[in-house]
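The next block holds one structure in the form of structure tokens; read it before the comments.
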Amino acid sequence: MRLSQYYLPTQRETPADAQIASHRLMLRAGMIYQSTSGIYTWLPLGLRVLRKIELIVREEMDKAGGIELLMPTIQSAEVWQRSGRYDSYGKEMLRFKDRHDREMLYGPTNEELITEVFAQHIKSYRDLPKNLYHTQWKFRDEIRPRFGVMRGREFLMKDAYSFDIDYESAKKSYWNMFETYLKIFKRLGLTAIPVRADSGAIGGDLSHEFQILAPAGESTIYYDKAFDLVDFDNEESITQVQHLYAAADEKHDAASCPVSTENLRQAKGIEVGHIFYFGTKYSEPFNAKITTPDGKQVFAEMGSYGIGVSRLVGAIIEACFDGEGIKWPTSVAPFQVGLICAKTHDPKAVGFADAVYAKLLEVGVEVLYDDRDDRPGAKFANMDLIGLPWQVIVGSNAVEKGVIEIKQRVNGSRQELDLTSFINQLVV
Ligand code: ATP
Ligand code: MG
């Protein structure tokens, strides 16, 4: 993409009303535009990150046996009356009427809709287990929308729902999702700590929130310091994580905490995911009955699994930024390479940069090419702000010696290379 033809409204000034780094940086990097309180337009650069996160989540869900569908954003009040949640949900639910005076709502979550769909077609143990999921916009009329996309009113969530024949099998589905979540966050370049969450009586211990450690977090969490040493790369450590203690504020009780004081850590966390088992809470009102191998009828055992896809964009930035701007992990970066022509008045340099651009596109590298006629200093600052993993600078040495300067955003390291060596380094 040539920057001269793109839509990237970056800002040098710090927006006054943004309180945390990720919100400020998303506005300054031209990723989002606030349409109204808690509701955002995703500008092209922001949308690319959102889509990448969505794709990684989808790939891992599919690998774990999830089946994707898409439920609507608008729901009828009837299904919520059936579960009893229409009255209990409160003001976070946006309610309105259609032209026939029927009560409608913008879905804040989808347990009701999915259970109704499931109950239409699945009747036998032979068809279980099932894990159905989608990635869809939700609306919650949060009392205090803030921190940009981290607590929006309209936000994108991946929500999955598992259906099983009995508790034992539901537990397996739960731990399968637990493991999948650790893999997802790892691929996103994050370390997410699974903390025991409060889910009322039904969930028991089968309820975890996944928290990214960051000072801007809204939750206080307590965890065993052993977490800091876990290498989330292998299966063994994932099993080990299941046994380590970490609890959200409301579940942590100093008196019965199994971790000694010197090993206990307290930190602020951003909740990026939440999984919980809730048994037959929805399968009963929706009559989602399953025939067992011995001919009995039982209600499906269910769990639900959410990931805040749009919140993650902010959460990743909170974990990856410095004074100059964002430092995207490669897996979610909007482009891999930012190409800068530092000599726009030298036709040879421009020709060289054009050729580098063409070659990078040819080998399938996502590149944003700053081909504008602007001061090099402004271009460098802009690239640091938007945080692409690699910067490729075409200056006087390109024309004279055929080498380009490569800067790695994450650590600021610089090297001079010829293009082929750089491409080999990228495409491994
Ligand atoms: P919170 O305690 O932050 O309000 P929640 O418990 O209401 O979260 P869930 O209903 O479990 O959240 O939703 C699943 C995920 O959706 C959360 O883990 C979070 O990542 C995301 N999420 C929830 N509310 C919002 C919001 N207002 N804006 C952005 N993401 C959200
Ligand atoms: Mg909430």
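All of the numbers you see were taken from the coordinates with simple rules; none came from a lab. These figures come from a predicted structure and were not determined experimentally. Don't worry about glycine lacking a Cβ; one is built from the backbone with ideal geometry, like all the others, and counts go over all protein chains shown.
Quick notes on this one:
- Of the residues Asn110, Ile143, Ser88, the one whose Cα sits farthest towards the positive end of the charge dipole of the stretch 57-181 is Ile143 (charges of +1 on Lys and Arg Cβ, -1 on Asp and Glu Cβ, taken about the Cα centre).
- Alpha-carbon centroid distance for the pair the stretch 368-428 / the stretch 65-92, whole angstrom: 49
- Note that the stretch 320-327 has calculated 3J(HN,Hα) couplings of 9, 8, 9, x, 8, x, 7, 10 Hz, one per residue in order, obtained from phi through the Karplus relation 6.51 cos²θ - 1.76 cosθ + 1.60 (θ = phi - 60°); glycine and proline are x.
- Here the stretch 335-426 was treated as a single set of alpha-carbon atoms; its pair distances binned every 10 Å from 0 give 18, 57, 25, 0 percent.
- Listed by Cβ neighbour count within 10 Å, with the fewest neighbours leading, Thr115, Thr14 appear as Thr14, Thr115.
- Size-normalised alpha-carbon gyration radius of the chain, reference 2.2 N^0.38 Å: 1.11
- Sites Thr420 and Arg2 - FRET efficiency at Förster radius 25 Å, r taken between beta-carbons, to 0.05: 0.65
- Local net charge near Asp17, Cβ-Cβ under 15 Å (Lys/Arg +1, Asp/Glu -1): +4
- Check: the stretch 335-426 dipole with +1 on Lys, Arg Cβ and -1 on Asp, Glu Cβ, in debye: 200
- Summed side-chain charge close to Pro334 - residues other than Pro334 whose Cβ falls under 13 Å, Lys, Arg +1, Asp, Glu -1: +4
- Checking every one of the trypsin sites (Lys or Arg not before Pro) in the stretch 231-309 against DSSP loop status and a limit of 11 other Cβ atoms within 10 Å picks out Lys296.
- Least to most buried among Val363, Val313 (fewest other Cβ within 10 Å first): Val363, Val313
- Each label was represented as a point 7 Å from its Cα along the Cα-to-Cβ direction; for Ser256 and Leu244 these points are 2.3 nm apart.
- Size of electric dipole in the stretch 1-113: Cβ of Lys, Arg +1 and of Asp, Glu -1, about Cα centre, debye, nearest 20: 540
- Each stretch of four or more DSSP H residues adds -39500 (n - 2.57); spread over every residue of the chain, this sum gives -9500 deg cm²/dmol at 222 nm.
- Ascending count of other beta-carbon atoms within 10 Å, so fewest first, for Met150, Met104, Met61, Met93: Met104, Met93, Met61, Met150
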